[in-house]
Amino acid sequence: MKVSSLQPMLLLIILSSSCCLSANAGARDHHELQRFMVVPTSSLKHIPEDATCSGHKVKPSNSTAWVPMNRPHGPCSSTSSRASEDMGIDVDDMLLWDQLRTSYIRTQLSTDVGSVGAGIPIIARSTTVSNRDYTPSSTASVGTNSGTSKSIQKSDQTTTNEHQDAVSQTVVVDTSSDIPWVQCLPCPIPQCHLQKDPLYDPAKSSTFAPIPCGSPACKELGSSYGNGCSPTTDECKYIVNYGDGKATTGTYVTDTLTMSPTIVVKDFRFGCSHAVRGSFSNQNAGILALGGGRGSLLEQTADAYGNAFSYCIPKPSSAGFLSLGGPVEASFKFEYTPLIKNKHAPTFYIVHLEAIIVAGKQLGVPPTAFATGAVMDSGAVVTQLPPQVYAALRAAFRSAMAAYGPLAASVRNLDTCYDFTRFPEVKVPKVSLVFAGGATLDLEPASIILDGCLAFAATPGEESVGFIGNVQQQTYEVLYDVGGGKVGFRRGAC
Ligand SMILES: *[C@@H]1O[C@H](CO)[C@@H](O)[C@H](O)[C@H]1NC(C)=O
């Protein structure tokens, strides 16, 4: 009997406290709005159930030189076809690959890159982990294929448009590697992975040419990517080890790359991959490398496009883009932060955070806490901060989210997770990342919370370089103005 008499009392207390809170809310509304964002819980789902692909929001920075770029899953994706697969991303797997990738980049930044990888034989893929990449991809065409029967039938057009029959290839966009590649015939499974696009066949391209062993382009591969020479054919061999267990090897070749009618790169150097190791997911054809080192698409197009490119990583249900060159209109509003390059590892783009603001309040960490810098990376999923900074962010976030406690189980390296199922809406504290020079990323709820968890993690140590992840970059156009030594952000671009 005691128990039942307690129950109404408890109820009363709950009711009265909620009554008082709402009475105060009116006066505090304005202030609250500046510190919090209220969103339907369903919008925080990775890919909302009713999601459809919305089009582009604004013109890319160089409106004459861009291609679509999408998340590998969701309604805008061109490579995931089965409905069940479209919606099901295993966040745990994705975070595992994220950790492998970022720790490898870290070793490259802290050691001599030259010693990594060369000569390791590629074995057929045998992995037990199904990789669920979260990396955005774009589609480009390689080759002319003017010798195919298809083009002979359409010979009138082939003479006026030599790219008529080039093969369209959907590739992963990677700002932290330098050697672009696509899978290339002959390409037997399991040495190669399944891909959705037709395989690129050098034999059918009249513009294809293997790079000879003694050529400067072959020598440029150096000890990191060079993989010897085929003595009978004088063909230059390449290999790229990604350090997360993935690798690709084959012949280093040239052909015409057509990204859009206005972006045509003649004699584009890339890897013609005959074998891969590790799980390259989503049936992509290869990787479009945009790093700052030799051989990348950026280096190969620097003269024509001023050593700059930009992209907008979309949320899964909208369309993003990859654009070559800088802004063509002064009205495009970018906020800039200096770009730092490491002499020993020119591939990577490093920026410096200066402060983080959570629910209107700056975290109480000294600017020196950010001293190691952070790699701006298209492939890293979550932003990684020095432990001391992450601890302060986590404390501020948890306190702002106290109403949704207790914490749910951690998801791999994400340790601040909530079960929102009981709540139709979530009041998310605003989080802003402030970079050196004042450029600021004001994050949307979906850039703060990933699958119910705070989408940030700690680096392994105060000395470790951090990462700006693609979850936090999404919806901003990120401009890598390598020539100008700066990185720019433009809000609301996709
Ligand atoms: C924009 O793209 C065109 C090619 O379509 C190129 O010629 C031009 O240099 C680019 N502009 C900038 C500012 O990079």
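Based on what the data block shows, is VAL389 in a helix (DSSP H, G or I), touching a strand residue (DSSP E or B) at 6+ places or on another chain (Cβ under 8 Å) and under 19 Å from PHE435 (Cα atoms)? Spell out the reasoning first.
On the way: in a helix (DSSP H, G or I): yes; touching a strand residue (DSSP E or B) at 6+ places or on another chain (Cβ under 8 Å): yes; under 19 Å from PHE435 (Cα atoms): yes.
Yes; evaluated as a whole, the condition is true for this residue.
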Determine whether segment 369-381 contains at least one residue that is at positive phi, more than 16 Å from the ligand (Cβ to nearest atom) and not in a helix (DSSP H, G or I). yes
Which members of segment 420-451 meet the condition of being surrounded by fewer than 17 Cβ atoms within 10 Å (Cβ to Cβ), in a loop (DSSP other than H, G, I, E, B) and small (Gly, Ala, Ser)? GLY437, GLY438
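Results for (1) in a strand (DSSP E or B); (2) aromatic (Phe, Trp, Tyr); (3) more than 23 Å from GLN300 (Cα to Cα), shown as yes or no for each residue.
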site	(1), (2), (3)
GLN169	yes, no, no
SER176	no, no, no
PRO188	no, no, yes
GLY214	no, no, no
THR233	no, no, yes
TYR238	yes, yes, no
Out of SER323, SER260, SER317, which single residue is in contact (Cβ under 8 Å) with a residue 24 or more places away in the chain and away from the ligand (no atom under 16 Å from the Cβ)? SER317
The correct count of residues that are surrounded by 20 or more Cβ atoms within 10 Å (Cβ to Cβ), at pLDDT 95 or above and in contact with a Ser or Thr (Cβ under 9 Å, 6 or more places away or on another chain) in segment 211-234 is 2
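Could you identify the single residue in PHE348, PHE397 that is more than 16 Å from THR440 (Cα to Cα), in a strand (DSSP E or B) and touching a residue at least 24 places away in the same chain (Cβ under 8 Å)?
PHE348
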Go through (1) under 25 Å from the mean Cα position of the chain (by Cα); (2) within 28 Å of ILE313 (Cβ to Cβ) and name the single condition ALA166 misses. (1)
Test for TYR242: is it over 25 Å from VAL167 (Cα atoms), in the same structural domain as ALA289 (by TED's automatic domain parsing) and touching a Ser or Thr at 6+ places or on another chain (Cβ under 9 Å): yes
Within segment 302-314, take every residue that is within 25 Å of PRO75 (Cα to Cα) and part of a strand (DSSP E or B) and give me the one that is nearest to the ligand (Cβ to nearest atom). SER310
For GLY245, which of the numbered conditions (1) surrounded by fewer than 22 Cβ atoms within 10 Å (Cβ to Cβ); (2) within 26 Å of PRO216 (Cα to Cα) fails to hold? (2)
Just to be sure before I move on: is THR107 out of contact with any helix residue (DSSP H, G or I) (no Cβ under 6 Å at 6 or more places or on another chain), at pLDDT 85 or above and not hydrophobic (A, V, I, L, M, F, W, C) in the structure I sent? yes
Among the residues of segment 282-291, write down those that are away from the ligand (no atom under 16 Å from the Cβ) and surrounded by 22 or more Cβ atoms within 10 Å (Cβ to Cβ). ASN282, ASN284, ALA285, GLY286, ILE287, LEU288, ALA289, GLY291
Among the residues of segment 346-360, is there at least one that is farther than 30 Å from ASP415 by Cα, in the same structural domain as THR459 (by TED's automatic domain parsing), of a type outside the set (D, E, K, R) and more than 16 Å from the ligand (Cβ to nearest atom)? yes
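Residues in segment 254-262: is at least one over 23 Å from the mean Cα position of the chain (by Cα) and crowded, with 22+ Cβ neighbours inside 10 Å?
Just the residues of segment 254-262 that are over 23 Å from the mean Cα position of the chain (by Cα), to begin with: 254-256, 261-262.
Imposing the further condition that a residue be crowded, with 22+ Cβ neighbours inside 10 Å reduces the set to 255.
So far as segment 254-262 goes, yes, one or more of its residues are over 23 Å from the mean Cα position of the chain (by Cα) and crowded, with 22+ Cβ neighbours inside 10 Å.
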The lone condition PHE268 fails out of (1) outside any strand (DSSP E or B); (2) touching a residue at least 40 places away in the same chain (Cβ under 8 Å); (3) within 16 Å of the ligand (Cβ to nearest atom) is (1)
Just one listed residue, out of LYS430, LYS343, is more than 16 Å from the ligand (Cβ to nearest atom), without any contact (Cβ under 8 Å) to a residue 60 or more places away in the chain and within 26 Å of the chain's Cα centre (by Cα), and it is LYS343
Checking ALA330 against (1) outside any loop (DSSP other than H, G, I, E, B); (2) within 14 Å of the ligand (Cβ to nearest atom); (3) over 19 Å from the mean Cα position of the chain (by Cα), the condition it does not meet: (1)
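The values are calculated or read from the model by the stated rules, or taken from the named source; none is laboratory data. The structure displayed is predicted, hence computed values, not measured ones. Here Cβ is always computed from backbone atoms with ideal geometry, including for glycine, and neighbour counts include all displayed protein chains.
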